[in-house]
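No value in this document is a laboratory result; all are computed from the given coordinates. Since the structure is predicted, the reported quantities are computational estimates derived from the model, not experimental observations. Using ideal geometry, Cβ is built from the backbone for each residue, glycine included, and neighbour counts are taken over all protein chains shown.
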Amino acid sequence: MDFGEILRILRRRWIIAVVGGLLTVAATLGAYKAWPNKYQSTDEITLIGSKSMANASGNGGNPYLAVADLDPVASILAGNVSSDQAVKQLRTLGVTYTYTAVVPQFAAGPFIQITVTGKVPALVSQQLPIVTRYTEQRLTQLQQETAIPTPPKATLTTQEIVPPSTPTKVLKTKLEVVAGVFVLMFVGTLILIAVVDNLRRRRSGKRRVETEQGSATPEPRTASAVSPDGATVQMARPTPSSYWHAEDAAPPTRVR
């Protein structure tokens, strides 16, 4: 089926096409308005080397020079904060929205990005600091839960490097849902048009065949006549070949 055939089908079934188009637009707008808006806020922290690492040779007492070897620790901490146990603990602390704690892709240091997503911007701004403080506390707990607790001078700490952002709308998921509704309604309309057109063409073809067969049926070769006593008698209808007239006879041959 080429593009021209599709246009011809749409012209034949233009009523279905118009109604389907209106329903598609209405469903798309309805999905956009019905799907709730979500807001997102992020901040970012970094791990800082301990005092003993800062005082090590070559660091000059600067803890930021000792972060090169802390990338694995950042990954461990992010995974720990994202665990099911951490989710339950944060829920008891008032974090009801979805959050993530991940090491940013192509991060140039032991960074952890924390994100909170929810429907109410004020609650998003309120719950993000809770997750951040929990992450800092988990870093300290992980260092103390070892067989040999980490000495205070060797304890790693965190520092906020990106403050919490203003909650902004997350349109990606909403647009995906709206686009899905539009595609579903549009494709459904095209399928309905094709099915109806196919059924109508089949019915039209069937009626045409029946009409042709009916017109080809020979008429009955009987006729009605009334006998002298008034009774109706069915008589065979003579065919043209059964008629004979004198003028139909061959003319006589003249002999000279």
- Query: What is the Rg over Rh value, at two decimals, for segment 96-222, using alpha-carbon atoms and the Kirkwood definition of Rh?
  - Reply: 1.58
- Could you check how many percent of all C-alpha pairs in segment 115-159 are farther apart than 11 Å? 69 percent
- Message: I need the calculated FRET efficiency for the pair ILE76 and GLN137, taking r as the beta carbon distance and R₀ as 22 Å, to the nearest 0.05.
- Response: 0.90
- Mean Cβ-within-10 Å packing, highest first, puts peptides 146-155, 121-130 in the order 121-130, 146-155
- Can you tell me the FRET efficiency between PHE186 and VAL120 if r is taken as the Cβ-Cβ distance and R0 is 51 Å, rounded to the nearest 0.05? 0.90
- Return the subset of LYS119/LYS172; LYS88/LYS174; LYS88/LYS172; LYS88/LYS169; LYS33/LYS172 for which the Cα-Cα distance in this structure is over 18 Å, preserving the input order. LYS88/LYS174; LYS88/LYS172; LYS88/LYS169
- Points 7 angstrom from Cα along the Cβ direction at ASP84 and THR211: gap in nanometres? 7.0 nm
- Message: Which order do the peptides 197-205, 7-15 come out in when sorted by mean C-beta neighbours inside 10 angstrom, highest first?
- Response: 7-15, 197-205
- Among GluC sites (Glu not before Pro) in segment 101-177, those in a DSSP loop whose Cβ has at most 13 other Cβ atoms within 10 Å are GLU145
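Using only alpha carbon pairs under 8 Å that are at least six residues apart, calculate the relative contact order of segment 114-171 and give it in whole percent.
Across segment 114-171, relative contact order equals 36 percent.
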